[in-house]
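Below: one structure, written as structure tokens.
Bear in mind these aren't lab numbers, they're just calculated from the coordinates by the rules spelled out. Treat the numbers as computed from the prediction; the structure is a model and nothing was measured. Quick reminder, even Gly has a Cβ in these numbers, built from the backbone with ideal geometry, and neighbours come from all protein chains shown.
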């Protein structure tokens, strides 16, 4: 059986890739994709821990499904926001969206 | 039933409160409340009075009591409450009854007055004071009610001092006089009250109690009589004497005895029912009642060295004659009666001074009836003169030329009123005869004769003859008044147009007239030939029970024709001389005695210049002292202190401002703002508005924290 630490390593790599995307990309949609990556990394983490510590308890599975659901909802909301933003400013470049700067 | 005792003074007080708070807009309801409350008090009062009359010995020994603990004082609890013994019962027979009659009379007299309700509120408050005073079972409570009466007296004398100008007939001069009279009455009586208060405090310090039953107990009195006090100026005297004289000063003030008599004649500025009730029948006799009440204290020191009794007798006798002579030369119908009241109160004190306890109480009671009657009668006359004056103006007789200014009280402008107002006239004459002591039928005769007989029997010849002369003078000025007012020809248009007063005024007159004549019959001495066997000295045996309860001896005087005949001669003689001078021939506007008597008349007419003397000495000194103290206080001491404090305060404040405010506080405040400003300028650089920058900052921070955490862990 594959040891737990491998799963954790994959999950960590995936999370860091996602986070790098969030920090470095200009395009809002790319940032959203980064966030999705991070969420999936978390999911892998959750499932790995579930499988290796308490496989008899279904809470881990349920938790992962909730995270997927929330990720979907978040993507929907995020995309809707970007569409509204594009209509307003004709751009989805987030360094041009700094109205709140004092 | 005994528990209802407190209702007697409480009901009029309730009426007062209700009128002041609720019904003052409605005159009829206000008057009704006062009269109704007094009527209930009257019935209750008579219930208790008659209980005492039917069982004098029982009630004298064991008074009807209602007592509650009031406050703890020093080593004992101070009890207060009401009691009815025989003396209270006698007063309780007279006071609420007179109050009731006079309140009914006031409805007619005060009709149309814009402050009608207020008048009745004051009357109700006064009734509270008087009833509470006679019922009180200790000196302190009595004193409180005594002062309450003083306040009401002040308010009622000055009742016409607030009237808006042009409201009715009252002129500015009268308003001023009323104001001055009320202040004079209040301050003059206060002199006596202050001395009395000192006596009360000393009495409490000596005996530890102020209840009648305790301070008048024989053991207490013996102690007071044995202890000697040595004073500067006055020398040595027993404590009892000192206390008695101090308390007597209260009575001198309240009962208007010389030298504090000056307020009573001026008090006639008040409405006439007030004069009748307060300044003739009840409040002024409260002084006499107080001395009768505390009589054992006066009496306890052995005769001969008893200067308290001597003092009372001297003041009383002197005032009796002094005031009576002034009464001869007055023209104001009410002032004659006022001096007569002072003189008659002097009679009562003279009686007490020679130890004639029963006679004093008897005269107090009779005097209340006939003097109230006389005042109400004079009020009716004044009322009629007013209306006569108005009527004659309306019918075009307004240009009447009088040698003196019109004044409805002036007897020189009256005359011939017997036919115009027969009820008033006949009742007034009945009262007048009673006052002058017309023999055998009138109440005044029996009570005055009792005093004279006691003086004769006790061998107090100076007192006897002075009082006998005063009796002559009394009969004379009473006769003068009756002839000037009711007989002869009208001497003004107003008198010509006068007519009888309404029933609410005359009915009380008739009732009082019955009492002024018949009430005296209860005191016909047992030893009097013929009549005495019928009455058997009912009043004497009633008060005798009270004396026995106080452990004082009392004897029935043997019949003696000498004082009786002298007293009869004086009364009839006085009236006859009055008729000779005032009744026989028509009167002018000048008094027939003014010219023949010359300087003496001037002395009487000007009241022996006592007012002027006080004005020049006491009042002038008080004013000077006030000015001096004002200067001393305000100019020389207080003002410089206040100014100095102000000046140095300002300087200190200036220093504080310059050195602390500006140098320290301001800098701290400004510095805080400056630091915030600089910090803000620096920190605003971080706020880029770029979410990614923030995220990066979070990443760095979390990383640092984790590294640190691992390092620490």
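Pairwise Cα distances in the protein assembly as shown exceed 35 Å for 59 percent of all pairs.
Could you order peptides B:471-479, B:53-61, B:645-653, B:113-121 by the average number of other Cβ atoms within 10 Å of their residues, highest first?
Details: B:471-479: 27.0, B:53-61: 17.1, B:645-653: 10.1, B:113-121: 20.3.
Per-residue mean Cβ counts within 10 Å order the peptides as B:471-479, B:113-121, B:53-61, B:645-653.
The base-10 log of I(q)/I(0) for the range B:511-569, evaluated at q = 0.15, 0.27 Å⁻¹, reads -0.56, -1.09 [Debye formula, identical scatterers on Cα atoms, solvent excluded].
Averaged over A:86-95, how many beta carbons belonging to a partner chain fall within 10 Å of each residue's beta carbon? Present the calculation step by step, with values, prior to reporting the outcome.
Values: counts 0, 0, 0, 0, 0, 0, 0, 0, 3, 6.
Per residue, the average neighbour count from other chains is 1.
For chain B, the fraction of C-alpha pairs farther apart than 45 angstrom is 31 percent. Angle of helix B:139-157 to the longest C-alpha principal axis of chain B, folded into 0 to 90 degrees and rounded to 10: 80°. Rounded to the nearest 10 degrees, the inclination of helix A:4-24 to the longest alpha-carbon principal axis of chain A is 0 degrees.
Ranked by the mean number of other Cβ atoms within 10 Å per residue, highest first, peptides B:404-413, B:695-704, B:131-140 order as B:131-140, B:404-413, B:695-704.
Using just its DSSP H runs of length 4 or more, each adding -39500 (n - 2.57), chain B gives a mean residue ellipticity at 222 nm of -22000 deg cm²/dmol after division by all residues. Against the empirical 2.2 N^0.38 Å (N residues), the range B:103-167 has a Cα radius of gyration ratio of 1.30. Take B:577-589, B:258-270 and order them by the average number of nearby Cβ atoms within 10 Å per residue, most first; the result is B:258-270, B:577-589.
Summarised as an ellipsoid, the range A:4-96 has semi-axes of 32, 16, 5 Å, derived from the eigenvalues of the Cα gyration tensor scaled by 5 and square-rooted, with the largest first. Distance from the C-alpha centroid of the range B:311-362 to that of the range A:1-18: 128 Å, rounded to the whole angstrom. Measure nothing fancy, just the Cα-based angle from helix B:666-683's long axis to the longest principal axis of chain B, in degrees from 0 to 90, nearest 10. Once rounded, one gets 40 degrees. Per-residue mean of foreign Cβ neighbours for B:685-694 is 4 (Cβ atoms of other chains, 10 Å radius).
Normalised Debye scattering of the range B:318-456 at q = 0.15 Å⁻¹ gives log10 I(q)/I(0) of -0.77, counting only Cα atoms as equal scatterers and leaving out solvent.
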